[in-house]
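Report on the structure given below.
What follows draws every value from the coordinates through simple rules; no lab data is involved. What you are looking at is a predicted structure, and each value in this text was computed from that prediction instead of being measured.
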Amino acid sequence: MKRFLVPALLMLSLFLTACSATSTPLPSDPNPAPVSTQAPDAVSGDPSSPSIDSATRIDQQGAIVVEVTPLNLGSPTDTLDFNVLIDTHSIDLSMDLATLATLTTDTGITVQATLWDAPRGGHHVEGKLSFPSMRDGKPIMKGVKKLTLTVIELDAPSRIFAWELK
């Protein structure tokens, strides 16, 4: 019996150590200020279309990290699409992000997301979040200098991702 007990305890100890090393500690402040970072590279699209100052935005609030990268702002089709990566070690990510996300322009247009194309559940989710590129028959990107994507109630009251257009 001793012969099996020592290896079993060693395995359990290694497992618990590995799990605790990868978990994200909860912040001591229940409402910490959002932490956003930007990638240094610029996104280029059609030269006649606006480009953005840098692609990826990251928000780290609560126990969830959200990373958002525009996919086609320089050359939208029927939709404006964003790659979204959501990572956590403690919350189930089975929500429909389309119901939580809006896109707002500095020209006063706000649209609700129409599709969250991603697997449901788990602790690491990646998918495409889509918004309509037209409203009332007009492109929502026309004349836009700043674009803001807002996600509400995702382990924080709101997460704001903004891009300056050139």
Q. Measuring from centroid to centroid over Cα atoms, what is the spacing of the stretch 117-145 and the stretch 65-88 in Å?
A. 7
Q.
At a threshold of 8 angstrom on Cα-Cα distance, excluding pairs fewer than six apart, so keeping six or more, what relative contact order does the stretch 69-150 reach in percent?
A. 34
